[in-house]
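Take a look at the structure below.
The values are calculated or read from the model by the stated rules, or taken from the named source; none is laboratory data. Just so you know, these numbers come straight off a predicted model, no measurement behind them. Using ideal geometry, Cβ is built from the backbone for each residue, glycine included, and neighbour counts are taken over all protein chains shown.
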Amino acid sequence: MTDDDPSLVRRLVSGDKAALATAFDRFAPALTRYAWAVCATPADVEHVVQESFLSLWKHADGLNLPTGRLLPWLLAVCRSHAGPRGADVAGGEPLRLVQQDLLALPDTDRRLVELCLVEGRTWSEAAQSLGLRPGGTSSRRGSRATKEVQR
Amino acid sequence: MRSEPPVGDDLQRMLVSMKQNVLERAEPRKRRGRRTGVAIAVVALLAVGAAGGGVALGLIPTTPEAAPVSTPSPTEPARTITPSSAPVLITPTPTPTPTPTAPPYSATDWSTWTITADGAGPATLGSATGADDAALREGLTPAPPLVDDTGTVIYQWGCANPNARIWERSDGTVVEIVGDGVVQTVVISGASDSSVTQPEVGPKTLAGVGLGSTLDEIRAAYPNVVQTRTDPVGGTADTFWAVPDGGRFIVFQIPAVGTSVSRVYVGATDEPAYDYCS
């Protein structure tokens, strides 16, 4: 059975590198497409995509995934690594290359992505503006507190 | 870039290169906090143990790092001392009022499950440990084990309490807490502890109450509901609302920051453990 995102995060938290490989296989194509739209060179694309997955690895045990899905968080982190270029240096629609990926997401996740990648909100701001609270995988077991990811 | 993104073999080459770079640069991560948490729990439980005997010891996992001592092997299920092992006088107990039969359900669709005093869907109180696994596996995935850097399994279910058998799905969790070889408590949780903004879909009681229900809805469905386990100091600020049912209890947990049910317990106590996973 394929890992769903919460399961994948739990494996990442446990330090399972195979989970990182799985996450990369699952989300890197979408991140690459997004990065292609907002970066100046292919080298920049590679840089921000790689840094995004390293951020996932580094912060796995403190992810704030209010909807439990990883792709919105990864896209927001990707934009963060792209820096000012995340506003789309090409002057076009920054999400134009990931429309199909976004259509597969629930409305709330899609809105999260739009707030972060189009309107430039931080992840926390976007979540709060949608009335979402820290939640997701790490808060479900017992009293383990969910932590905000400070980016 | 104004150019079109790479596709086909060009994209694959790019992805392979990036993936290799990421995996090489991802440093092995130490288990942060977990060991500290366990150590704190050990100290606390040993302190409790001075007064409470060996009951607490069953909750302490034997880690691979632990020095060999004359204890059961790490793979042996933790034992919990319960009154059932002591000689007791068997007294007739009142026959509980028969619970209405739960309607049929689909194991893969937990919104069809009914929460009763017997459990929820395939998660059934009194089942032998593991007996529900096949049915649960149809709609949920076992929580992955926590392993250390050498690949050694530390917690089979990713949880410090070896008696908590955790099953996950994208929108929630089902936990069977076992003791004496049988399921003693079933816990149904939503995807978030703070089901504030969106109603959650999941198992419901015959009265239609479940994840996402408000306290008003609970009270309307169960006028006999009572609040239990208030923890004014040092405990959780969440509230717990218990409905007695045939000698067991269905307990609804509402988070302090929320207004609707985030977790439902079914078991023999009206005061379920808030933190069943440590």
Which residues, counting only those in the range A:98-110, are more than 18 Å from A:Ala37 (Cα to Cα) and either surrounded by fewer than 17 Cβ atoms within 10 Å (Cβ to Cβ) or among the hydrophobic types (A, V, I, L, M, F, W, C) (or both)? A:Ala104, A:Leu105, A:Pro106, A:Asp107
Every residue from the range B:252-265 that is closer than 18 Å to B:Pro223 by Cα, touching a Gly at 6+ places or on another chain (Cβ under 8 Å) and assigned to a strand (DSSP E or B): B:Ser260, B:Val264
Do the conditions hold for B:Val183, that is, is it modelled with pLDDT of 90 or more and within 14 Å of chain A (Cβ to nearest Cβ)? no
Among the candidates B:Glu76, B:Glu168, which residue alone is at pLDDT below 75 and either away from chain A (no Cβ under 14 Å) or surrounded by 13 or more Cβ atoms within 10 Å (Cβ to Cβ) (or both)? B:Glu76
Determine whether the range A:94-117 contains at least one residue that is modelled with pLDDT under 85 and out of contact with any strand residue (DSSP E or B) (no Cβ under 6 Å at 6 or more places or on another chain). no
Could you go through the range B:190-204 and let me know if any residue there is of a type in the set (A, V, I, L, M) and at pLDDT 90 or above. no
